[in-house]
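One structure below.
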Amino acid sequence: MGRPVLVTGATGNTGRHVVAGLLTEGVPVRALVRREDHGLPDGVDVVIGDVTDPGSVADAARGARAAYLVWPRLTADGAGPVVEALGRHVDRIVHLSADGADADDPEDRGVWGAVEDAVRESGAEGTFLRVTGLATNTLIWRDRVRTGVVRAVHGEARRSLVHERDVAAVAVRALVDDGHAGRAHLMTGPASVSQTDQVRILGEAIGVDARWEEQPEEEAREELTAVFGDPGFAHAAVAHWAEMIERPEAVSRDVERVLGRPALTFEEWARDHADDFR
């Protein structure tokens, strides 16, 4: 069957679709997961471990030909040794990154830029999937959409959220096909959609007349700090959404160029996830 592809974050939003896509291609899959109750399909070689631990990663990567890397932390602390361990064993690393990882100011590149640098230094071929934002992030609103009112900040911020199935499909192509080494694909949906319209679309998917209620910035920062435990992240997120009112997130055709079909719309994502909001 040949050497497997290692998938980290294999039970996550994108990773589970990467696993499914590789299996459909007939590619043997090894998954690094934290828990025994992983729910992955039969035929996946499951390794229990921690993606932030270089020893676990080295054990999982041994004998693999390529790896899908999802770094789970909000900082790059510890990423260097992990990526180095990957690079000792695999020929190709496809990293789930973020838009802005190539910013001129190193401080603006964040954790994703630092992990990208580690991949480049690893000796393996690197491909970077720079996501503007995953549509799954709107699941944070699920309870409020059900009630018909989403109270959050900067409703007119326009985002080009991408369906996780598109990210995974591009990842599979980069893992199994040649021609992606050294490239960065900007992963977006086919249009930028205001947060107000996102709420309306989510409501329509479940038959609820859902509307946006604007939240004061300070309240939003406090709420996000409580969720993520990082005041700096909360402040940066609120400021970023404010910027997207005047400068909407970019819309890229990279998904279409790689897959040969248009990127999935936010409406399609909402229909796919309607049960999550009911």
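The values are calculated or read from the model by the stated rules, or taken from the named source; none is laboratory data. What you see is a predicted model, and the numbers here were worked out from it, not measured in a lab. For neighbour counting, all protein chains shown are included, and Cβ atoms are generated from backbone atoms with ideal geometry for every residue, glycine included. What goes into the accessible areas is simple: the full protein's heavy atoms, side chains included, and nothing from ligands, DNA or RNA. Shrake-Rupley method; radii C 1.70, N 1.55, O 1.52, S 1.80 Å.
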Task: Number of the exception - ASP143 against (1) free of Cβ contacts under 8 Å to residues at least 12 places away in the same chain; (2) under 14 Å from SER97 (Cβ atoms) - done: (2)
- [ ] Would you mention how many residues in the range 188-245 are open to solvent by 70 Å² or more (accessible area, probe 1.4 Å) and assigned to a strand (DSSP E or B)?
- [x] 2
Open item on the list: Being under 30 Å from GLU125 (Cα atoms) and in contact with a helix residue (DSSP H, G or I) (Cβ under 9 Å, 6 or more places away or on another chain): is that true of ALA237 here?
Closed with: no
TODO: Could you please let me know if ARG62 is surrounded by fewer than 19 Cβ atoms within 10 Å (Cβ to Cβ), basic (Lys, Arg) and within 27 Å of ALA220 (Cα to Cα)?
DONE: no
TODO: For the range 171-182, state whether one or more residues are of a type in the set (Asp, Glu), farther than 12 Å from LEU96 by Cβ, modelled with pLDDT of 95 or more and touching a Leu at 6+ places or on another chain (Cβ under 7 Å).
DONE: no
Task: Residue list for the range 246-255, filter: in a helix (DSSP H, G or I), touching a residue at least 24 places away in the same chain (Cβ under 8 Å) and out of contact with any Gly (no Cβ under 9 Å at 6 or more places or on another chain) - done: ASP254
Open item on the list: If I go through the range 132-151 residue by residue, how many of them are surrounded by fewer than 24 Cβ atoms within 10 Å (Cβ to Cβ), in contact with an Asp or Glu (Cβ under 8 Å, 6 or more places away or on another chain) and aliphatic (A, V, I, L, M)?
Closed with: 3
TODO: For ASP104, indicate whether it is within 22 Å of GLY189 (Cα to Cα) and either open to solvent by 40 Å² or more (accessible area, probe 1.4 Å) or basic (Lys, Arg) (or both).
DONE: no
Task: the range 26-65: number of residues that are part of a helix (DSSP H, G or I) and either farther than 25 Å from GLY80 by Cα or not aliphatic (A, V, I, L, M) (or both) - done: 4
